[in-house]
1. Which one of ALA260, ALA279 is within 16 Å of ligand 2 (Cβ to nearest atom), outside the structural domain of VAL20 (by TED's automatic domain parsing) and either more than 25 Å from SER21 (Cβ to Cβ) or buried (at least 24 other Cβ atoms within 10 Å of the Cβ) (or both)?
2. Is it the case, given these coordinates, that GLU46 is closer than 16 Å to LEU88 by Cα and open to solvent by less than 30 Å² (accessible area, probe 1.4 Å)?
3. What number of residues within the stretch 171-201 are under 24 Å from VAL239 (Cα atoms), open to solvent by 60 Å² or more (accessible area, probe 1.4 Å) and within 16 Å of ligand 2 (Cβ to nearest atom)?
4. Please specify each residue of the stretch 123-136 satisfying the condition of being within 14 Å of ligand 1 (Cβ to nearest atom) and within 24 Å of GLY276 (Cβ to Cβ).
5. Scan the stretch 51-70 residue by residue and report those that are open to solvent by 30 Å² or more (accessible area, probe 1.4 Å) and either touching a helix residue (DSSP H, G or I) at 6+ places or on another chain (Cβ under 7 Å) or under 17 Å from HIS111 (Cα atoms) (or both).
6. Anything in the stretch 114-145 that is within 12 Å of ligand 2 (Cβ to nearest atom) and buried (at least 24 other Cβ atoms within 10 Å of the Cβ)? List them, or say none.
7. Could you tell me which numbered condition TRP319 fails, if it satisfies all but one of (1) in a helix (DSSP H, G or I); (2) touching a strand residue (DSSP E or B) at 6+ places or on another chain (Cβ under 6 Å); (3) within 16 Å of ligand 1 (Cβ to nearest atom); (4) of a type outside the set (D, E, K, R)?
8. Of VAL107, VAL30, which residue is more than 16 Å from ligand 2 (Cβ to nearest atom) and buried (at least 24 other Cβ atoms within 10 Å of the Cβ)?
Amino acid sequence: MPRHVLGVESTAHTFSASVVSSKGEILSNVKSVYAAPAGSGIHPIEASKHHAREATHVIEAAMSESGIRPDQLDAVCYSMGPGLGPCLRVGAVVSRTLAGSLGKPLVPVNHAVGHIELGCLLTGTEDPVVLLVSGGHSMVVVCSLGRWRVIGESLDLTVGQLLDQFGRHSGLASPCGRAVEQAAAKSSNYLPLPYSVKGNDVSFSGLLTAAKTLCDQGASFEDVAFSIQETAFAMLVEVTERALAFTGKKEVMVVGGVAANRRLSQMMDDMAVRHGASAKGVPVQYSGDCGAQIAWTGLLAFRSGVRIPIEESSVRQSWRLDTVDVPWRN
Ligand code: AMP
Ligand code: MG
């Protein structure tokens, strides 16, 4: 008999719920995304109010679309962190209320591990070098000795923040990655920008300042969008390439919201081919934050015995993925 769990995601702009089965079927994945006003980033309290308003309807829709009755669930899984405190707390309260009233176990899930495990499920990747690129993360990660280990990361902004802050500077509404990609596709005029790789880490803050300055000086948005993408993605591909060469792995996987970017996946493909490796990106509809990443990873954790008593089910805003045991990968 397949098992089924409900997963609830609420780390940042997205409130989402999903039901998955132990066969890896995603039976539903319903989302509601908080939209920040043009020119501003996510306001945590406003986003949490959005989540509180949307929670019931999103969860009801996810349950009814899945065809699974609440009493047929084996567990309720929630994103415990990392993320914005007010947003995380809405998901935690809703999930513990549901688990308590249904009499089901509650399973805490690390959101970043969720991006990776869902990516592995959907791409059929087994033991990849992972580039996790999103609003909250820019990391190169591999699994070793029972944990996802960070081989390189951004020392300041994430690449999602880089693209969002660059777009907002020109009046776009966050998240801006898609609009920046569309603008970049209209140019091939590279304007030199700072390229900053330090060991196996990257730094994007100087790149952001230089890109904004170019716009302020009258450079076309398309040219700067093209140049910021070429520079930032080359930095990320360089550190991923070093991790691939060092570990000798044969698979690269790109996950997180920025994995939707076609230029990044093309550059990653070109690099992987040179190493006789495959490069895969999570399908676009699952690249951004979603309940399915929490449900699937929660199911893996639940099968390995992970549970949390309701009275301990707080949130962890700065919960790094390399502190999380992943016993299902032993
Ligand atoms: P996540 O935090 O995983 O939901 O990812 C959100 C981030 O992905 C935001 O910073 C978006 O701007 C970024 N993003 C979404 N689509 C694209 C795209 N096509 N190209 C680049 N970045 C993107
Ligand atoms: Mg995310």
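1. Values: ALA279 fails: within 16 Å of ligand 2 (Cβ to nearest atom).
After applying the criteria, what remains is ALA260.
2. On the way: closer than 16 Å to LEU88 by Cα: yes; open to solvent by less than 30 Å² (accessible area, probe 1.4 Å): no.
Taking the combined requirement at face value, the residue does not satisfy it.
3. Total satisfying the criteria: 1.
4. If the condition is that a residue be within 14 Å of ligand 1 (Cβ to nearest atom) and within 24 Å of GLY276 (Cβ to Cβ), then VAL130, LEU131, LEU132, VAL133 are the ones that fit.
5. Once the filter is applied, which keeps residues that are open to solvent by 30 Å² or more (accessible area, probe 1.4 Å) and either touching a helix residue (DSSP H, G or I) at 6+ places or on another chain (Cβ under 7 Å) or under 17 Å from HIS111 (Cα atoms) (or both), the stretch 51-70 yields ALA52, PRO70.
6. Passing the criteria: GLY114, HIS115, ILE116, LEU118, GLY119, LEU132, VAL133, SER134, GLY135, HIS137, SER138, MET139.
7. Checking TRP319 against (1) in a helix (DSSP H, G or I); (2) touching a strand residue (DSSP E or B) at 6+ places or on another chain (Cβ under 6 Å); (3) within 16 Å of ligand 1 (Cβ to nearest atom); (4) of a type outside the set (D, E, K, R), the one that fails is (1).
8. Going through VAL107, VAL30 in turn, the sole match is VAL107.
The values are calculated or read from the model by the stated rules, or taken from the named source; none is laboratory data. Note that the structure is predicted; figures quoted are calculated from it, not measured. Reconstructed Cβ throughout: ideal geometry from the backbone, glycine too, with neighbour counts over all protein chains shown. We work out accessible area using only protein heavy atoms, side chains counted, and drop any ligands, DNA or RNA first. Shrake-Rupley method; radii C 1.70, N 1.55, O 1.52, S 1.80 Å.
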